[in-house]
Structure formats: C-alpha cells, structure tokens
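The values are calculated or read from the model by the stated rules, or taken from the named source; none is laboratory data. The model shown is predicted, which means the values in this text are computed figures rather than measured ones. Ideal geometry is used to build each Cβ from the backbone, glycine not excepted, and the neighbour counts take in all protein chains shown. When the accessible area is computed, the model is the full protein with side chains, heavy atoms only, and any ligands, DNA or RNA have been set aside. Shrake-Rupley method; radii C 1.70, N 1.55, O 1.52, S 1.80 Å.
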Amino acid sequence: MSRTIVHLLRHGEVHNPEGILYGRLPGFGLSDRGKEQAVLVAQALRPHNLVRVVASPLQRAQETAAPIAAAHRLDITTDDRLIEADNEFEGQRVSVGDGALRKPEHWPKLRNPVLPSWGEPYLEIAWRMLGAVYRARAAAEGGEVLCVSHQLPIWTVRRYLEGKRLWHDPRSRQCSLASLTSLVFDGEELVDIVYSEPAGTTDPTVTGA
C-alpha cells in the first residue's frame, strides 16, 4: 500500500478593516501578515514531497497557495468544492453586541443551529470536502498534496472523519490561520490526522474564515 498525505491548509489572515463576515464575497485578499504566514508555510513544506497544490477559488486561498506552489514549481489547480461555506450573514458584522445577530429580523435564521439554518448544512460541507480530499489523494498517490481551504469546511470534514457530531461551538475549532490539518492515508484508508501550526497560533473565533 502507498502512503499519501493530504494537507488541508486554512488560508492566511485577510485584509478586512470593516470586520465583516466576508464568506464568498470577491475582493478579499491577504493582509501583509497573511502573506507572511503563507511564506512561513511554504518554508515549512519545502522538504516535503509535495506533488500537487489545489485551492479554493476565493482570492485569499489562491494567494495563500501561491508561494507554496512556487517553492515546489507546481501550478495551482482550483477545486470549487474547497470553497468557503455559504452563509446568509455574508457581508455583515456578526460580532456579539454590535452586529447583525442583535437585530430581530435576523433571529429566524438562527432557529436550527444543528443544521445550521443560516447557511450551508454541515453534512453538505462534509460531503463536498470529502470529494475534494479523495480526488486530491488519488492524484497524488504515494506523495503529498496541499489543499487550501477555509476554517469551517476544514473543521467540518475533520469532525466527520473522526466520527464526531458536525454541529459544534465555533470557539472550540482547532484551525488557526495558516494551520495544517494533515490526513495520512495508507492506500485509500485514512490512518491518522495530524494538526500543526507552522505560522503560529491564532484565535479561531476571528470574524471571517
């Protein structure tokens, strides 16, 4: 059996001075710090046998992938299944006390946190991410592949693979900016999940993803 590693990388910090939940909105690229984080990940992955780089179509993911792909002389392949989760609060401030969540007209969106009712269902996120993961694994058989995605999709597919319930407290996510959630396969069988933070630890509750 061949050993293959699929690294799920959360993108770096985004330039978001208004502090909105940017979701799938265009035009949100990396901050200067986010660009530095991407370079740190590229340095950490330099000795690895990386044979493929795949990224969400969103700008922040593509920019995070760029220095890593360049370091390994690889092109970036885009997979739409790695995109951020859809969210009805996109474009608004959602921090406690001063955002959209305090407005009564938005409260019906919060009726079912298990689904969740305000956006793309967790199970659908897990399924599409699994499709991206297994396609990436097959394309990099015997090597390593990097998939650049977003906090909620990465955390959701990790919980699915660990057999945990998909609804959760966002404050408990182990998925810092520019962190790696590495899925280790023996053939097609997942044998380990390894988490690392080559660019350092950040607050998982930071607005946006």
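Could you order peptides 5-12, 111-118, 51-58 by the average number of other Cβ atoms within 10 Å of their residues, highest first?
5-12, 51-58, 111-118
Can you find, among Gly143, Leu161, Cys175, the residue sitting farthest towards the positive end of the charge dipole of the range 128-194, where Lys and Arg contribute +1 and Asp and Glu -1 at Cβ?
Working it through, the farthest residue towards the positive pole turns out to be Cys175.
For every helix of n ≥ 4 consecutive DSSP H residues, a contribution of -39,500 (n - 2.57) applies; sum these over the chain, divide by its total residues, and give [θ] at 222 nm rounded to the nearest 500 deg cm²/dmol. Can you show the working numbers first?
Working: 4 runs with 56 residues, N = 209.
Value at 222 nm, helices only, nearest 500: -8500 deg cm²/dmol.
Using DSSP, restrict attention to beta bridges with both residues in the chain and report what percent are antiparallel, rounded to the nearest 5.
55 percent
Val194 versus Leu123, label points 7 Å from Cα toward the beta carbon: distance in nm?
A separation of 3.4 nm, rounded to one decimal place.
Taking the solvent-accessible surface of protein heavy atoms with a 1.4 Å probe, what is the per residue accessible area of the chain in Å²?
So the chain comes to 47 Å² accessible per residue, rounded to a whole number.
Round to a whole number: what % of the accessible area of the chain belongs to carbon and sulfur, probe 1.4 Å?
That share works out to 51 percent.
For the range 1-142, give the magnitude of the charge dipole about the Cα centre (Cβ charges: +1 Lys/Arg, -1 Asp/Glu; no others), in debye to the nearest 20. Mind dumping the intermediate values first?
Numbers: 18 positive and 17 negative charges, 82 e Å.
Here the size comes out at about 400 debye.
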